[in-house]
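Comments concern the structure below.
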C-alpha cells in the first residue's frame with residue numbers, strides 16, 4: 001500500500017470513530033434559534049460548541065404546541081405510544097447513532113439520573129434510526145437503564161425536526177441531529193433544546209424540569 005493510500009484509509013477510519021453523525025455535515029445556515037442553547041455552551045465550552053455544527057430544523061414543533069403523537073417499537077420490540085404517557089413528563093431525546101462516542105455519553109448520563117427523573121414523574125426515551133436489535137446491543141454493552149425507540153423510516157424524527165437535509169459539495173445528504181424535547185403531562189411541549197452538547201446534557205434537562213415543576217406548583 002503506497003503512502004498516499006495509507007493516509008487516506010487512516011483519515012477515513014479516524015473520521016468514523018470520532019463523530020456520532022451519519023453523513024458528512026455542511027456549515028449550518030441561519031436558524032430561528034441561537035447557535036447553541038443558553039447554558040449548553042457555558043457547560044461544554046465555546047470550543048466544544050463550535051464543533052457541533054448541528055443546525056436545528058425549522059420543521060420542529062414549537063414550545064407550547066401539542067407534541068406529535070407516535071407509536072415506535074422499543075428495544076424489546078414492544079410498542080411505545082406517546083398518548084399512553086399522559087400524566088407524566090416525557091424527556092424525548094433524538095440522537096444520531098448507537099454506540100458512538102457522544103451518544104454513549106448522553107445515554108449513560110441519562111441512565112445515572114433515571115431514579116431522580118422518575119421521582120420527578122418523568123420518563124426518558126431515546127430515539128434513533130437504529131434497529132431494535134441494535135438498541136438491545138447498545139443497552140447491554142453499556143448497561144443502560146432507559147428505553148430506546150427505533151425509527152427506521154425517520155417518520156417521527158422528521159415530525160420533530162430531528163432529521164434534516166444538508167448539502168456538501170453540491171450533493172444532498174440526510175442525517176439525524178441531536179435534539180431534545182421536554183413534554184408536559186398534558187402532552188404540550190414545554191421546552192426544546194434544538195442543539196445538544198452530550199456532556200452534561202442530562203443534568204441540564206433535570207435542572208430545567210425541576211424549574212418548570214416549581215413554576216407549575218407556584219401557579220397552583
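The values are calculated or read from the model by the stated rules, or taken from the named source; none is laboratory data. This is a predicted model, so every value here is computed, not measured. Methodologically, a virtual Cβ is constructed for each residue, glycine included, from the backbone with ideal geometry; neighbour enumeration extends over all protein chains shown.
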Can you confirm whether residue 140 is under 16 Å from residue 193 (Cβ atoms) and either modelled with pLDDT of 95 or more or over 16 Å from the mean Cα position of the chain (by Cα) (or both)? no
Screening 181, 138 for residues that are surrounded by 21 or more Cβ atoms within 10 Å (Cβ to Cβ), closer than 17 Å to residue 91 by Cα and out of contact with any helix residue (DSSP H, G or I) (no Cβ under 7 Å at 6 or more places or on another chain) leaves only 181
Among the residues in segment 78-86, are any assigned to a helix (DSSP H, G or I), surrounded by fewer than 12 Cβ atoms within 10 Å (Cβ to Cβ) and out of contact with any strand residue (DSSP E or B) (no Cβ under 6 Å at 6 or more places or on another chain)?
yes
In segment 150-172, anything free of Cβ contacts under 8 Å to residues at least 40 places away in the same chain and either touching a helix residue (DSSP H, G or I) at 6+ places or on another chain (Cβ under 6 Å) or on the phi > 0 side of the Ramachandran plot (or both) is listed as 154, 169, 170
**Prompt:** Does residue 147 satisfy the condition of being on the phi < 0 side of the Ramachandran plot and surrounded by fewer than 21 Cβ atoms within 10 Å (Cβ to Cβ)?
**Reply:** yes
